[in-house]
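Visitor: Here it is, the structure in full.
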Amino acid sequence: MNYEKIYQDFYSKYYSKAEILIKNFLIKRHSEKRIFNNSINEVMFYLDKNFRNRFISYNNEILYQTFLESRRFYSIDVIQEVFNNEVKAEFDKINILELPANYNYSKLIKEIALIEVENDISRLLSKNYNLLDMFYKLNKFDEFEIKEYKGLYLEDTQIFIKLHSELYPESYDHSKEKNTTDVFLGKSTNERAIELFDYLIENYRENETTSVKYVNILHYLKNDTNKELYIFKISQKDYKEKIKLIANIEIKKFAKSEQYFEVERLILDSFERRFAKEIS
């Protein structure tokens, strides 16, 4: 039997359902002029105290712990193999009279999927608190999502930058910065630009292996940073040689990302703010 399909189908269905219910609940609370912190705490409390009592008919902790602990035994087809072996073996030990009426193994798999939905949603509500808070403050729920952003800091995601720029537009207007000298550690502006270059090389799109990453950085440093703080003067020829030396990547065409202005510049802005904060 395809246990993994039973699990994944049920997990996906109820994760999406929970996401919609939470979204609608927050919209309702916003319309009632409630503050976000109290509203999200209501959701967290419900998930922690009431969810399992309402939706789980056979809450067997041994079976669930077996599911969690046995996943480390497999390198591929993890869900299928765990349910096919360790969890099934434990389930078969249970006296049928101890089970709820009409309860079977497929029902157990679905209930474990529900518990995982509860755990994942609760974890992400906490982890993504600042993002969810901005959806709420702006009353913009069209793109609402409860999601794991793998490989990215929350602050570097496209949706976070988009909402943050709407909520705090002054943070994205470099023209409002009035500093005319570099007051950080007494360093010259050029030195600070070089430090930002090194910082972006290390942190921006750190798993990217194409030349576009480095072209985006060059364009950003030469055109989109605050010129009162950063001056980055380098020829394309010298820059190509520099990237070849430090990254062993050859730039053949100085074409920035097609989504540079919509996405990449905002991400680079977020790294620049983090860099400035770290050295201040």
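The values are calculated or read from the model by the stated rules, or taken from the named source; none is laboratory data. It should be emphasised that the depicted structure is a prediction, and the values quoted were computed from it without experimental measurement. Cβ: placed from backbone, ideal geometry, glycine included. Neighbour counts: every protein chain shown.
Visitor: Would you say Asn248 is on the phi > 0 side of the Ramachandran plot and at pLDDT 90 or above?
Guide: Here the answer is yes, as Asn248 does meet what is asked.
Visitor: Let me ask something else. Identify the residue in segment 54-78 that is among the hydrophobic types (A, V, I, L, M, F, W, C) and closer than 24 Å to Pro100 by Cα and, among all such residues, is surrounded by the most Cβ atoms within 10 Å (Cβ to Cβ).
Guide: Applying the filter and picking the extreme gives Phe67.
Visitor: Is it the case that some residue within segment 17-37 is assigned to a helix (DSSP H, G or I), among the polar types (S, T, N, Q), modelled with pLDDT of 95 or more and within 16 Å of Ile121 (Cα to Cα)?
Guide: Within segment 17-37 (the criterion being assigned to a helix (DSSP H, G or I), among the polar types (S, T, N, Q), modelled with pLDDT of 95 or more and within 16 Å of Ile121 (Cα to Cα)), the answer is yes, since at least one residue qualifies.
Visitor: Further, regarding this structure: Kindly check whether there is at least one residue in segment 40-51 that is modelled with pLDDT of 95 or more, farther than 17 Å from Phe141 by Cβ and of a type in the set (A, V, I, L, M).
Guide: no
Visitor: Which is more than 30 Å from Lys162 (Cβ to Cβ) and either part of a loop (DSSP other than H, G, I, E, B) or touching a Pro at 6+ places or on another chain (Cβ under 9 Å) (or both), of Lys140, Lys107, Lys150?
Guide: Lys107
Visitor: Name the single residue, out of those in segment 234-252 being in contact with a helix residue (DSSP H, G or I) (Cβ under 8 Å, 6 or more places away or on another chain) and part of a loop (DSSP other than H, G, I, E, B), that is surrounded by the fewest Cβ atoms within 10 Å (Cβ to Cβ).
Guide: Looking at residues that are in contact with a helix residue (DSSP H, G or I) (Cβ under 8 Å, 6 or more places away or on another chain) and part of a loop (DSSP other than H, G, I, E, B), I get Glu250.
Visitor: Please determine whether any residue of segment 146-153 is modelled with pLDDT of 95 or more and either touching a Leu at 6+ places or on another chain (Cβ under 9 Å) or outside the structural domain of Glu262 (by TED's automatic domain parsing) (or both).
Guide: yes
Visitor: Let me ask something additional. Tell me, please, whether a residue that is more than 26 Å from the chain's Cα centre (by Cα), of a type in the set (Val, Ile, Thr) and in a helix (DSSP H, G or I) can be found in segment 80-87.
Guide: yes
Visitor: Out of Ser70, Ser57, I need the residue that is of a type in the set (Gly, Ala, Ser), free of Cβ contacts under 8 Å to residues at least 60 places away in the same chain and closer than 15 Å to Phe10 by Cβ. Which one?
Guide: Going through Ser70, Ser57 in turn, just one is of a type in the set (Gly, Ala, Ser), free of Cβ contacts under 8 Å to residues at least 60 places away in the same chain and closer than 15 Å to Phe10 by Cβ: Ser57.
To keep it simple, each residue is scored yes or no on (1) touching a residue at least 40 places away in the same chain (Cβ under 8 Å); (2) among the aliphatic types (A, V, I, L, M); (3) farther than 26 Å from Asn38 by Cα.
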site: Leu114; (1), (2), (3): yes, yes, no
site: Glu118; (1), (2), (3): yes, no, no
site: Leu125; (1), (2), (3): yes, yes, no
site: Glu143; (1), (2), (3): no, no, no
site: Lys150; (1), (2), (3): no, no, yes
